[in-house]
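One structure is given below, encoded as structure tokens.
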Amino acid sequence: MNEFLSTPIVYLKGIGPAKGELLQKDLGIFTFHDLLFHFPYRHIDRSKLYKIAELREDMPYVQVKGVLSNLRTLGTKGGQRLVAELRDETGMIELVWFQGHKWIKESLLSNKVYIAFGKPTAFNHQINMVHPNLDDPEELASKRYMNIMPLYNCSDKMKARGIDSKAIMKWIHALLSDSRLQLPETLSAPIIKNMNLLGRSEAIYEVHFPANLNNLAKANYRLKFEEFFYIQLKLLKYKVKRHQLFNGIKLGQIGELFNTFYHHHLPFELTGAQKRVIKEIRQDVKAGFQMNRLVQGDVGSGKTVVALMSMLMAIDNGYQACMMAPTEILAQQHFLTVQSLVKELPIQVKLLTGSTPTREKKQIYAALESGEIHILIGTHALIESKVNFKNLGMAIVDEQHRFGVEQRAKLWQKNSRPPHVLVMTATPIPRTLAMTLYGDLDTSIIDELPAGRKPIKTILRFDGSRLAVFGFLKSEIDKGRQVYLVYPLIEESEKMDYKNLVEGYESICREFPEPKYQVGILHGRMKAAEKDFEMQRFLKGQTHILVATTVIEVGVNVPNASVMVIESAQKFGLSQLHQLRGRVGRGAEQSYCILMADAKQSNEAKQRLKTMVETNDGFKIAEADLKLRGPGQLEGTAQSGILDLKIADLSKDTEILAQARLVAQELLDHDPDLKLPENAAISHSQAIYQKTAKWGRIS
Ligand code: ADP
Ligand code: MG
């Protein structure tokens, strides 16, 4: 960063130590550079003047011109406000300020003409404006940049001290007009030309003070593109580096186990998508570099068998494999599934979780080191440092969204040469987010469900129709089906939720009496052995209804279960609802998801439930989720750095992100080390970006 831009903010004319401190504290603005990169949250068109008589309370921000009079402070200390009148030839409005009145009063003159800018509101049948901005018309006319005026965020504390949006605007304008300012270009000439981008310096000027709305759009585009470009460049460089640095384990041959399994033990025909993804994995592992691949596939798309066949590739070449799941229930289930699929193959499969008895753990550790165990399935107990493999060749991470990046990294260290890593996720992730969260991985998508699946019917029912719902459950159970009934478990009110769960269980037991009906219960407070017992009973069809918390959310697979009832569905997030719904619809029967909800609920909750009823498509649900909640609330986003985005918006700027990624990819294809002279600026900016991890600091 050049010297001028790194000047501390207190040295800007009109700021000084006190205001400087507030800017640092409340907005994180420390330097001139930071101020320039405090972008406006919107602009307003100030080219139109209204007459006072035209003002209506339903108008947005507008401006009127008139003479100021009767400026006075009303009320007693604590509840004080500043009031004034503004008059033109058509009428009068009252102007009111509740904050910062001291300095506002000092800065205004009675009997002077002002342009007042603000939102008309009605009070006592009169129109007034609260906290209007007042400008001298002559000053305004001399400043072209005020025509489309930027609005900046500032805290209440700042406003009380006279630092409002306008003050910030003036400071930024002063900076942009300073002859010492240099904003070097950060992208290459070919990229700017091909993508038809504004130059950087122009873009920064126009994003604050656009000559017109078209320029504003172009400035926004350029800056968003740049922001995404550097994130993508970083991710893609990781990928290139990994391919260059790590000699992967070469799984050269497709052997006996894979073939025997494929031809004789596979219980179904693979879907086209499964075959394609297995081929993609195969291409990776025989190539000699280390695979890092993400398999995305909606719930029920059949990821487990893809994982198993990948593990067989490793074992066929003399290596071990492991598979990590986020919960004990899921690990247990994978263990049973895998064990039964390979039962006729000469393969040792073991399960390792937190509740494996110590003695057995020790045996497992020893058998892993000797190479006796071929496949180890487990929870994160599997990445503990005590777990050492003889030669781990393939590591699978199921439901990756539950794991952090560090856990993935720990797997690499389980072998002197990092094993191939396959991560699988069903949590629908919007494309933009996937490109960012997993941008360093190669991706495969299973975009096809096994044949013969009927789409799940999703129905919203309010609490009043509970009896009808019970009737429906009985008719399904009589047909031989099974039912999940899920209660929310939200940590803050765990006790209450638990009470709800137990009460729910008791009322279900009354409604569905033994011996005709068998009801089971499953929740996080039960011991692993108890959970296992209940799960097994349900799996074998011995219980008809399983009352549970979200412990069954991920991965659980009981094809005969065809009804999922979700209690207090308004309390669940979209991706959770989708995961839960994915527990049914796994067999050939028609399946149902019944969302039970309070009739009274927030708009956002309504929107979520509506989305669930309308679509079964995980990707559509993910997009809706991102729009409703913003990226900050989505799982896995916290560590990714994408929350530091200064101007781009992951929920809206999908196209720009896709283009930025493509351009970054092309760049690396041509010039992987950014050595070409035309890419000097990019190489330089990238280095700074790596250090600060904040795009906004590049200059
Ligand atoms: P997920 O992708 O959610 O992990 P699973 O691997 O648990 O899905 O598979 C869901 C169900 O579909 C399982 O019962 C599995 O045996 C079955 N299945 C997987 N692939 C196929 C296929 N190609 N044809 C039919 N059934 C399949
Ligand atoms: Mg699964």
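Packing, taken as the mean count of other beta carbons within 10 Å per residue, orders the peptides 506-512, 29-35, 390-396 from highest to lowest as 390-396, 29-35, 506-512. Applying both filters, DSSP loop and at most 11 other Cβ atoms within 10 Å, to the GluC sites (Glu not before Pro) of the range 240-292 gives 269.
If you take the Cα centroid of the range 1-45 and the Cα centroid of the range 472-539, the two points sit 57 Å apart. Packing, as the average of other Cβ atoms within 10 Å across residues, places the peptides 327-337, 12-22, 588-598, 82-92 in the order 327-337, 588-598, 82-92, 12-22, highest first. Be a star and scan the range 572-603 for residues whose amide nitrogen sits under 15 Å from the point 7 Å along the Cα-to-Cβ vector of residue 620. Residues passing the 15 Å test: 578. Placing unit charges on the Cβ atoms only, positive for Lys and Arg and negative for Asp and Glu, gives the range 39-108 a dipole magnitude near 300 debye about its Cα centre. When the listed pairs 13/652; 19/234; 454/610 are checked against a 31 Å cut-off, the alpha-carbon distance exceeds it for 13/652; 19/234. Computed over the range 1-67, the P(r) curve from all C-alpha pair distances, binned at 10 Å from the origin, holds 17, 32, 17, 26, 8, 0 percent per bin. If you look at the Cα atoms of the range 455-533, you get an Rg and a Dmax of 14.2, 39 Å. Averaging the sequence gap over all C-alpha pairs within less than 8 Å and six or more residues apart, then dividing by the number of residues, gives the chain a relative contact order of 13 percent. Computed extension length for residue 507-residue 48: 158.7 nm, one decimal, from 0.36 nm per residue of separation with the Cα-Cα distance subtracted. Once divided by 2.2 N^0.38 Å, the Cα radius of gyration of the range 457-615 becomes 0.97. Multiplying the residue separation of residue 530 and residue 442 by 0.36 nm and subtracting their alpha-carbon distance yields 27.7 nm. By the count of neighbouring beta-carbon atoms within 10 Å, fewest first, 42, 481, 417, 242 end up ordered 42, 417, 242, 481.
Using equal-weight Cα scatterers in the Debye expression, the normalised intensity of the range 46-151 in log10 at q = 0.13, 0.24 Å⁻¹ is -0.45, -1.46.
Dipole of the chain computed with +1 at Lys/Arg Cβ and -1 at Asp/Glu Cβ about the Cα centre; of 230, 572, 107, farthest Cα towards the positive end is 107. Exceeding 20 Å between C-alpha atoms, which entries from my cross-link table qualify? They are 102/143; 390/414; 646/675; 143/224; 224/646; 499/571. Check vs 20 Å cut-off fails for 102/143; 646/675; 143/224.
Working from the Cα coordinates of the range 151-193, the gyration tensor eigenvalues give, after taking √(5λ), semi-axes of 32, 14, 7 Å in decreasing order.
A straight line joining the Cα centroids of the range 276-335 and the range 571-624 runs 28 Å. For the range 237-293, would you read off the P(r) tail past 15 Å as a percentage of all alpha carbon pairs? It works out to 59 percent of all Cα pairs.
Between the listed residues 528, 467, 439, the Cα displaced farthest toward the positive end of the dipole of the range 419-550, a dipole computed from Cβ unit charges relative to the Cα centre, is found at 467. The stretch between residue 24 and residue 99, if pulled fully straight at 0.36 nm per residue, gains 24.9 nm over its current Cα-Cα span.
Over all pairs of different C-alpha atoms, the range 176-253 has a mean inverse distance whose reciprocal, the Kirkwood radius, equals 15.1 Å. What separates the Cα centres of the range 147-163 and the range 81-127 is a distance of 18 Å.
Between residue 119 and residue 606, the modelled labels are 2.1 nm apart [label points 7 Å from Cα along Cα→Cβ].
Against the compact-protein benchmark of 2.2 N^0.38 Å, the Cα-based radius of gyration of the chain scales to 1.18.
Could you sort 363-371, 157-165 so that the peptide with the highest average Cβ count within 10 Å comes first and the rest follow in order?
157-165, 363-371
Are there trypsin sites (Lys or Arg not before Pro) in the range 329-361 that DSSP marks as loop and that have at most 14 other Cβ atoms within 10 Å, and which are they? In loop regions of the range 329-361 (DSSP not H, G, I, E or B), the sparsely surrounded trypsin sites (Lys or Arg not before Pro) are 343.
Where a number appears in this text, it was derived from the coordinates with a stated rule and is not lab data. Note that the structure is predicted; figures quoted are calculated from it, not measured. With ideal geometry, Cβ positions are generated from the backbone for all residues, glycine too; neighbour counts draw on all protein chains shown.
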